[in-house]
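K.L.:
Submitted below is the structure of interest, expressed as structure tokens.
Computed from the coordinates by the stated procedures, all read-outs in this text should not be read as laboratory data. For clarity, every value in this text was computed on a predicted model and none was experimentally measured. In this analysis, Cβ positions are derived from the backbone assuming ideal geometry, glycine residues included, and neighbour counts consider all displayed protein chains.
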Amino acid sequence: MANGQRLLLTVALALVATACSFPVGPSASAASIDGHTYLSTDLLGATLVPGTQVRLTFTNGSLSASGGCNIMGGTYSIDGDRLQTSQMFMTEMACDDARQRQDEWLARFLGSVTFTLDGDTLTLTDGTVRLTLLDKEVATPDQPLEGTSWVLDGVMSGEAISSVPAGVTAAIQIADGRIGVNAGCNTGGGTIEVTAETLTLGPIGLTKMACEPGAMAVETAVTTVLSGVVNYTIDADVLTIRAGDRGLTFRAAACTHCRPATGGAQPSGPG
């Protein structure tokens, strides 16, 4: 074979090899999903507990996940189109049996799944169940601090998070330099100054009713945190307020900009 023919054949083979290496469809990579949070919008092959949603956050090789009750986390890696996670640690919030089984299912499901990323949509499947998620920034933009009714859904002490006792409701609302407080038993309010990261609260005056122990415990937690200068963050429809190693998590009562979560129509549950 002449040198010119060998050169043409070499170039042709290189072009074929390059063409065969192109991905068939959209695929994700550690770089493309890192720094993003995804919220479930559809589930086929299983059904989520009503009112719950899967949430996945990828940050610097770590994955944080929740399925409606506990928060789990670990490291993750990507091999081709496969997402693999380490042994997931999990918080120990008291949940009903259905949400506990869903947490356990989610931890198993995330152990090794294949995935695709198409724009803002991430799809995971283990061959039986297909979970579709949407980037949080598209699905649920951050709710405004002021003018939103924030309902308490967790009390933090160090790294532990406790749920609000059944039948107890606590909430806050901030507007025009004032904070209105339903502390779980008594109600009242006070002054507040808001910056991008902190809240400065004046003394909060409350009514003086006596309530059952669960409500009074929530009230003590709320009033302990809502005092002086505290830090806060908003992530979609979740407001977290921290004062040292204590904190409160709230959820927006009406997320007017959020897309509704939908579950699959299959009869089997994830548990």
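K.L.:
Give me the distance in nm between label points sitting 7 Å out from Cα along the Cα-to-Cβ direction at Ala166 and Asp118, one decimal.
P.N.:
4.2
K.L.:
List Val229, Val222 from most exposed to least, where exposure is judged by having the fewest other Cβ atoms within 10 Å. If you can, show how the numbers build up before the last one.
P.N.:
Values: Val229 11, Val222 25.
Ascending number of Cβ neighbours within 10 Å: Val229, Val222.
K.L.:
How large is the translational diffusion coefficient of the range 44-83 in µm² per second when you combine the Kirkwood radius over alpha carbon pairs with Stokes-Einstein at 4 °C and 1.567 mPa s?
P.N.:
Numbers: Rh = 11.7 Å.
Rounded, D is 111 µm²/s.
K.L.:
While we're on this one: Report Rg/Rh for the range 30-139, rounded to two decimals, where Rg is the Cα radius of gyration and Rh the Kirkwood radius.
P.N.:
Working: Rg = 12.9 Å, Rh = 13.9 Å.
That ratio equals 0.93.
K.L.:
Determine ³J(HN,Hα), in whole Hz, for all residues of the range 216-228 in sequence, where each value follows from phi through the Karplus function 6.51 cos²θ - 1.76 cosθ + 1.60 and θ = phi - 60°; x replaces Gly and Pro.
P.N.:
Here the 3J(HN,Hα) series is 5, 5, 5, 4, 4, 5, 5, 5, 5, 6, 7, 8, x Hz.
K.L.:
If you take all C-alpha pairs in the range 27-93, what percent of them are over 19 Å apart? The partial results should precede the final answer.
P.N.:
Details: 826 of 2211 pairs.
Roughly 37 percent, once rounded to a whole number.
K.L.:
So, one more: Enumerate by residue number the GluC sites (Glu not before Pro) in the range 89-142 meeting two conditions: DSSP loop (anything except H, G, I, E, B), and at most 16 other Cβ atoms within 10 Å of the site's Cβ. Intermediate values should be presented prior to the final figure.
P.N.:
Numbers: sites: Glu92, Glu104, Glu137; in loops: Glu92.
Sparse-neighbourhood loop GluC sites (Glu not before Pro): Glu92.
K.L.:
I need to check one value: relative contact order of the range 45-183, counting alpha carbon pairs closer than 8 Å and at least 6 residues apart, in percent.
P.N.:
Details: 210 pairs, mean separation 20.6, N = 139.
It rounds to 15 percent for the range 45-183.
K.L.:
Out of the range 177-247, which GluC sites (Glu not before Pro) are coil in DSSP terms and have no more than 12 other C-beta atoms within 10 Å? Don't skip to the answer; put the middle values down first.
P.N.:
Numbers: sites: Glu193, Glu197, Glu219; in loops: Glu197.
Those that pass, being in a loop and sparsely packed, are Glu197.
K.L.:
Would you order Arg178, Arg55, Arg130 from fewest to most other beta-carbon atoms within 10 Å of each residue's own beta-carbon?
P.N.:
Values: Arg178 13, Arg55 23, Arg130 17.
So the ranking, lowest neighbour count to highest, is Arg178, Arg130, Arg55.
K.L.:
Take Thr240, Thr85 and order them by how many other Cβ atoms sit within 10 Å, fewest up front. Could you put the intermediate results ahead of the total?
P.N.:
Working: Thr240 15, Thr85 20.
With the sparsest Cβ surroundings first, the list reads Thr240, Thr85.
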